[in-house]
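In what follows, a structure is listed as structure tokens, so that the remarks can point back to it.
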Amino acid sequence: MEAGYILIAILAAAGATFATRVLPFLLFDKKQKPSKMLELFEKNMPLMIMVILVFYALKDTAFNEYPYGMSEIAGILSAFILHVCFKNALLSIIGATSVYMLFVQVIF
């Protein structure tokens, strides 16, 4: 691939990333109170994204064949338990990933 194309792709990605970071500050006035819909999205978006990611991760899991999705179930349960107990997203992600990898690499 030619270096010019790579440079153009990098600049396009950087521009798109920069635009998504700057546009909210340009579109919304700091003095004006946010709308109810925006507050609803702000409050619930992380949960919605996590639910979508869980379903996406489970879409190819064969629950009717050995090991019956036990690695995935253990990872999800450990993430849930860690988050309920400690309310720390980073701990939940690292802990659940570790449990899942333990199940995949060692147990099954």
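The values are calculated or read from the model by the stated rules, or taken from the named source; none is laboratory data. Just so you know, these numbers come straight off a predicted model, no measurement behind them. Counting neighbours? That spans all protein chains shown, and the Cβs are built from the backbone with ideal geometry, glycine included.
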Can you name the condition, by its number, that residue 17 falls short on among (1) surrounded by 10 or more Cβ atoms within 10 Å (Cβ to Cβ); (2) part of a loop (DSSP other than H, G, I, E, B); (3) of a type in the set (Ser, Thr, Tyr)?
(2)
May I ask you to verify whether residue 98 is part of a helix (DSSP H, G or I), in contact with a helix residue (DSSP H, G or I) (Cβ under 6 Å, 6 or more places away or on another chain) and small (Gly, Ala, Ser)?
no
Looking at residue 64 and the list (1) in the same structural domain as residue 96 (by TED's automatic domain parsing); (2) surrounded by 10 or more Cβ atoms within 10 Å (Cβ to Cβ), which single condition is not satisfied?
(2)
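How many residues does the range 64-95 contain that are polar (S, T, N, Q) and not in a helix (DSSP H, G or I)?
Total meeting the criteria: 2.
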Scanning the range 85-99 residue by residue, those exposed (fewer than 13 other Cβ atoms within 10 Å of the Cβ) and at pLDDT below 95 turn out to be 87, 88, 90
List every residue pair whose Cβ atoms lie under 6 Å apart, where the two residues are 6 or more positions apart in sequence or sit on different chains, the first residue falls within the range 13-28 and is aromatic (Phe, Trp, Tyr), and the second residue, located anywhere, is loosely packed, with under 10 Cβ neighbours inside 10 Å.
none
Confirm whether residue 4 is out of contact with any strand residue (DSSP E or B) (no Cβ under 7 Å at 6 or more places or on another chain), small (Gly, Ala, Ser) and loosely packed, with under 10 Cβ neighbours inside 10 Å.
yes
Evaluate the range 28-40: report whether one residue or more is loosely packed, with under 10 Cβ neighbours inside 10 Å, within 27 Å of residue 83 (Cα to Cα) and either at pLDDT 90 or above or not charged (D, E, K, R) (or both).
yes
For the list (1) exposed (fewer than 10 other Cβ atoms within 10 Å of the Cβ); (2) farther than 30 Å from residue 97 by Cβ; (3) assigned by TED's automatic domain parsing to the domain that holds residue 72, I need the number of the one condition that residue 47 fails.
(2)
